Every structure is written in C-alpha cells, then in structure tokens.
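A short write-up of the structure that comes next.
The values are calculated or read from the model by the stated rules, or taken from the named source; none is laboratory data. In this text the structure is predicted, and so the values were computed from the model without any measurement. FYI the Cβ positions are ideal-geometry reconstructions off the backbone, even for glycines, and counts take in every protein chain you see.
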Amino acid sequence: MNFILFEIDNPKKLKSLSKSKISFFKKDEDISLFHFNKMDDGLFHVVFNISDEYMVSTKKLGSQHHFSYSSLTNFFFDANSQTALIEYINKEYLDEVTKEIEKRTKSLIRKKNITNEQFLIIQHEFSGKIKKIEFTNSEEEYFELENVSNNFIKDNLNDITIDKIVILHENQYLSVSNDGKVSVDNSDQEYVIDFVKRFINEIT
C-alpha cells in the first residue's frame, strides 16, 4: 500500500469525524465517510468513499458510455500526535480527501517531509537490510546505492541529504521518501494496521 505522510495542526479535532453520518456508496455525493473506527493507543482508522466514473469513448464518436464506480481511501491518525497517513491512489483523490477532512473538522492538514534523523529512526524501528538508498551530498551530487551497510545512514547523517530508502523488513519491502511518500509491499489489513501504528509512533 502507498501512503502520504501528513501533519495535523490539532489532531483532537479529527475525532469529530465520528459524528459524521456513515454513507455506504452514496452516488449523489462525490466523497462520503464509509468507516470510522477507534483502535488501540489513540490510533483511528477512517475510510472515505470517492464516487467516480469511467468514461468510454471512440475517436470519431466521442464519449459514449459512463460507468459509475467507487474507490475507498484509508486514513490513519493518532489523536495524541500531529502525524497522519493517507492512502495514496492518485493525486486527485488525495486532494479530495484532504479537503474533506479540513472541511469536516475545521483543522489544517499539510504534507510532512522526512528528515535524515527520522530516516535513521525508521531504519532502527524497521530493522532490516538497506536494499537501496538515494541521496545528495553537500555539493548537490546525486547518488543511488544498493545493499549498503546498515550503519551507512548513521555514519553519513550530517554529510548527505537522503531522498529515499528501501528496506527489506521481515521479507517485506518498505520504501520511504523525504517528501513523505511511504510504501509497504503488503496490503493485508492486520499487517498494514500494525505497520501504521509503529510508523506513526516512531515518526512523531
């Protein structure tokens, strides 16, 4: 699954999403709340439903058929921290979800970048082989290395700017970019929820 990391100005406001009426694939709404669940240790799982249409056309006849469909987007936040993760399907859906969260909760939600120090924390928490690292040095030279030592980040913490790391953790690939993109090579619900808990806890 793919996520984008966000920062919330007042995470407790997000609890007000629980007061929103749950809608199951309502076709007259572009976006609706599909699921809201409080989990352990202050973690909340919210699912938004986005209504869309497939449009089938031909070169000569133009648009001919419209097929309605729905797409579900997962949103995780911790009421005790300002960190949240929103599932990334495409930019348009992501923008719709963030706008809907701000509208419903009167909160501010902004993308969050990841620092070198946080990369080091992530590597420590999700210990495993660093399969790939992308970075720039002090002279703005770009490098892409594979299978580096697990001490590489620690040893070069103040000399480089990390763009992306890929870690093999428990036979699953974890990819994290400094612009807040987070990908885990597993969509099993139990695995994803456990991953999200640990990631939000460590990155806060």
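Kindly evaluate PHE67 against the criterion of being surrounded by fewer than 10 Cβ atoms within 10 Å (Cβ to Cβ), touching a residue at least 12 places away in the same chain (Cβ under 8 Å) and part of a strand (DSSP E or B). So PHE67 fits the description; yes. The strands (runs of 3 or more DSSP E) found wholly in region 77-146 and carrying at least 3 residues that are surrounded by 17 or more Cβ atoms within 10 Å (Cβ to Cβ) and not assigned by TED's automatic domain parsing to the domain that holds ASN37 occupy 129-137. Selection over region 190-204 of residues that are farther than 17 Å from ILE165 by Cα, in contact (Cβ under 8 Å) with a residue 24 or more places away in the chain and surrounded by fewer than 19 Cβ atoms within 10 Å (Cβ to Cβ) gives a count of 5. Restricting LYS181, LYS164, LYS154 to those that are among the charged types (D, E, K, R) and either on the phi > 0 side of the Ramachandran plot or touching a helix residue (DSSP H, G or I) at 6+ places or on another chain (Cβ under 8 Å) (or both) reduces the list to LYS154.
Comparison of GLU190, GLU117, GLU146, GLU134 shows that the only residue that is modelled with pLDDT under 95 and among the charged types (D, E, K, R) is GLU190. Among the residues of region 149-171, write down those that are under 25 Å from ASN201 (Cβ atoms), acidic (Asp, Glu) and either at pLDDT 95 or above or assigned to a helix (DSSP H, G or I) (or both). Correct list: ASP163 only. Somewhere in region 38-54, is a residue over 19 Å from GLU96 (Cβ atoms), more than 24 Å from the chain's Cα centre (by Cα) and at pLDDT below 80? No; the residues of region 38-54 include none that is over 19 Å from GLU96 (Cβ atoms), more than 24 Å from the chain's Cα centre (by Cα) and at pLDDT below 80.
The single condition from (1) surrounded by fewer than 16 Cβ atoms within 10 Å (Cβ to Cβ); (2) hydroxyl-bearing (Ser, Thr, Tyr); (3) more than 21 Å from HIS45 (Cβ to Cβ) that SER187 fails is (3).
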